[in-house]
Each structure stands twice: as C-alpha cells, then as structure tokens.
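The values are calculated or read from the model by the stated rules, or taken from the named source; none is laboratory data. These numbers were taken from a predicted model, which means no experiment stands behind them. Here Cβ is always computed from backbone atoms with ideal geometry, including for glycine, and neighbour counts include all displayed protein chains. Only protein heavy atoms, including side chains, enter the accessible area calculation; ligands, DNA and RNA are left aside. Shrake-Rupley method; radii C 1.70, N 1.55, O 1.52, S 1.80 Å.
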Amino acid sequence: MSATQHAEPAVTSPPAPGPKETDGRTAERPLALRLLARPEVGVFLGAAAVYVFFLIAAPPVRDGSSMATVLYQSSTIGIMALPVALLMIGGEFDLSSGVAVITSALTASMLAYQLTVNVWVGVFAALLVSLAVGFFNGWMVVKTGLPSFLVTLGTFLILQGANLAVTKLVTTNVATDDISNMDGFDQARKVFASSFDIGGVQVKITVFYWLAFAAIATWVLLRTKYGNWIFAVGGNKESARAVGVPVTFTKISLFMLVGVGAWFVGMHQLFTFNTVQSGEGVGQELIYIAAAVIGGCLLTGGAGSAIGPVFGAFMFGMVNQGIVFAGWNPDWFKAFLGVMLLGAVLINLWVRQSATRR
C-alpha cells in the first residue's frame, strides 16, 4: 500500500433504536394523574358524590322544580364566589364581601326612595359605591403592605356598622322602605331577578348569569394577558413586578371585581324582596371563600380556576336545600358545611400529592 493511499473508513450500521430513556423528570404522566392534578377535578367528583347522596336520601330532589331551587341557591353563592376566587388566585382575599352585598342594596334602595328618583339612579350609584369600596381595599393593601385579612376585616366592621347606623338614621328602621311601586322597578327586576319557564320549571335568571360569568372568568384566566397577571402576582408578586407585570393595577382591579360581584348580588336581593335588612350579609363572606377553597383555590395564591368554585357553590346549594328536602334539622347545616369543607381540603391535598408523586 502506497503512502498516498488511505484506508477506507469502516462502514457500520447505526444501532437499532431502543426504548427512550427518561430520568423521571421528563416522563409524561398518565392521563388520569394529569386530570387529578387539575384543581377543579377533585371538587367535581365531590359535587357529584353530594348530588348522588341527596338523590338517594332526599327523593324530592329528583323533581325539576327542586333542582331549580338548588341551582338558584348555588347561583347566589357562585356569582360572588367567582370574583372572590380570582382574588384568591391573585394572592389576596376579602372579608368584607358579605356585608358589601348589603351595602350596595341599601345604597340603591335608600337613594332611590329618599330622593324619589328612578330606581336605576340608585342602581348605578350603588355600583359606584361598590367599586369605591373595592378600590379602597385594593389601594390600602398595595400601598401599605398590610395583609388583606387586616384591611378587609377593618372594612367589614366599617360597613357592618354603617349599614345599620345609616339605615336607622335615614329610615328610622332597620330595613329600607318598599320600592316596588317606584319608576324603573319592573325593568330592573327583569334584569336582576326575573325567571324563565323551561319545561314547566321556573328557573331564576341568576343561574344563567352564574354560568355566563364562569365562562367569561375561565376565558380571562386561560386566554388573556390579564389572566397571566393574576397567576403571576398570586405566585410571587416581586418576581411578577420584575418581569413587567403591573402588580398594583392587577391587585386593585381584582378587589374592584369583588365589588362588582357584591353590587350584582345586592341588586338581585333588592329586586327580589323589594326591601333590604341592614343587618344581613354577616358570615356570607366565609361561604364565598369556602366555595372558592373547596373549588381548588389556594389561600396562598397562585393556583386555582374559575370552574372549581362553580362546583363548590353547587355543593353548598345542594347541601342547603338537600337538608330541607330530606326533612332533617336545618340547625345542622353549618356543621355539615364545616365537615364538607375540611373533607374537600383533605381530598384535594391527597389528590395533589398523588398526582405529583413520581
């Protein structure tokens, strides 16, 4: 072989492809575990279990009108639970949301009646008041750095006292005057408190609002930049601010969304009953928060969905009416809710741990 000749390279066949190795971190988990990791799946299973339980224990639940009542009770909780859930995903919560509902209703009723104006004037004035309360809560939390628990607890006490004191001062009573004969009442009632006949069953309009608001909230969370901001500020607001998320705007706007929810539910109560008791609303904020927590929203923020609180509110409505339809002592309602809340939290914890275990 001459010096100028070169040895031909050996030709080797590529190795047969074998099974792809993974280190456990990149392995795709089974579909069932990925579904269980979703915050709304656990509460859906819980809501289904509660529904089946009362179908068996309370036969009247099987009637269409009874289920319409359950959905109505669920919707009055669920409409408020949605903005409360978004606020919790954003890392805050609002203890004044229950009495804020009554504040909005009192504002609309007393303003319209005392000034003898169209009730729509009172409705829009109440919206401004509700937005102002939400803005105040958000501004105080952001500017002072105080925990939202302390800020909204203060707002809760202020509104609770003002609701009673102002109502007694203006009306010399603890309730507002009947506004059913005032201009604009019928039109406002159609918007906030009407019913629809579906298959011979009267279904309240709040049920449709509830589902529509849930769809909008889901779209906002999953498909918009604002939804990304909510998760970001709830996860770590300093990191979110570092990457350009408008933390102040996001936090304040979430509190104002709670104000909008309080206004809407307050208008529903006003135009359903024509009058408002100034001492109501106390304790409802815990129901809204519990519905969101049962729905998979973490108190620490940064995780949750809008669909989960829908099922959480349905569980509350189902238990509330199911106890009545079953003929049980309603005094056990709160105890049942407490057990349900603890059970749901423990189940969600177990599901999350099982879904993330390698």
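If you go through region 165-178 and pick out every residue that is within 30 Å of the chain's Cα centre (by Cα) and of a type in the set (A, V, I, L, M, F, W, C), you end up with 4. Among the candidates ALA335, ALA355, ALA303, ALA344, the residue that is over 26 Å from LEU131 (Cβ atoms), modelled with pLDDT under 85, in contact with a Gly (Cβ under 9 Å, 6 or more places away or on another chain) and assigned to a helix (DSSP H, G or I) is uniquely ALA344. Listed by first and then second residue, the pairs with beta-carbon distance under 6 Å, at least 6 apart or on different chains, first residue in region 38-57 and over 19 Å from ALA326 (Cα atoms), second open to solvent by 40 Å² or more (accessible area, probe 1.4 Å) and at pLDDT below 85, are VAL41/LEU35; GLY42/ILE347.
Right, TRP219: of a type outside the set (Gly, Ala, Ser), open to solvent by 60 Å² or more (accessible area, probe 1.4 Å) and free of Cβ contacts under 8 Å to residues at least 60 places away in the same chain or not? Against the criterion (of a type outside the set (Gly, Ala, Ser), open to solvent by 60 Å² or more (accessible area, probe 1.4 Å) and free of Cβ contacts under 8 Å to residues at least 60 places away in the same chain), TRP219 qualifies.
Taking every residue in region 288-312 that is in contact (Cβ under 8 Å) with a residue 24 or more places away in the chain and pairing it with any residue that is acidic (Asp, Glu) and assigned to a helix (DSSP H, G or I), at least 6 positions away or on another chain, the pairs with Cβ-Cβ distances below 6 Å are GLY296/GLU40; SER305/GLU40; ILE307/GLU40; GLY308/GLU40. Each residue in region 149-175 was checked for being of a type outside the set (A, V, I, L, M) and in contact with a Leu (Cβ under 8 Å, 6 or more places away or on another chain), and 6 pass. Going by the structure shown, is GLY283 over 9 Å from the mean Cα position of the chain (by Cα), crowded, with 21+ Cβ neighbours inside 10 Å and in contact (Cβ under 8 Å) with a residue 40 or more places away in the chain? No, not satisfied.
Within region 187-201, restricting attention to residues that are part of a helix (DSSP H, G or I) and open to solvent by 60 Å² or more (accessible area, probe 1.4 Å), which residue is nearest to LEU270 (Cα to Cα)?
Looking at residues that are part of a helix (DSSP H, G or I) and open to solvent by 60 Å² or more (accessible area, probe 1.4 Å), I get ARG189.
Criterion applied to VAL133, VAL101, VAL142 was being modelled with pLDDT of 95 or more, open to solvent by 10 Å² or more (accessible area, probe 1.4 Å) and of a type outside the set (Phe, Trp, Tyr), and the one residue passing it is VAL133.
When the residues of region 203-224 are narrowed to those that are closer than 10 Å to SER305 by Cα and among the aliphatic types (A, V, I, L, M), which ends up farthest from the chain's Cα centre (by Cα)? That would be LEU222. Count of region 161-186 residues, restricted to those that are open to solvent by 50 Å² or more (accessible area, probe 1.4 Å) and either at pLDDT 95 or above or of a type in the set (A, V, I, L, M) (or both), is 6.
When region 261-280 is limited to residues that are among the polar types (S, T, N, Q) and assigned to a helix (DSSP H, G or I), the one that is surrounded by the fewest Cβ atoms within 10 Å (Cβ to Cβ) turns out to be THR272. Among the listed residues VAL258, VAL207, VAL233, VAL245, which satisfies the condition of being free of Cβ contacts under 8 Å to residues at least 60 places away in the same chain, crowded, with 16+ Cβ neighbours inside 10 Å and among the aliphatic types (A, V, I, L, M)? On inspection, the qualifying residue turns out to be VAL245. Can you tell me which condition ARG223 does not meet? The list is (1) touching a Gly at 6+ places or on another chain (Cβ under 9 Å); (2) more than 15 Å from MET80 (Cα to Cα), and all the others hold. That leaves (1) as the condition not met. Scanning region 286-300 for residues that are open to solvent by less than 30 Å² (accessible area, probe 1.4 Å), β-branched (Val, Ile, Thr) and out of contact with any Gly (no Cβ under 7 Å at 6 or more places or on another chain) gives ILE287, ILE289, VAL293.
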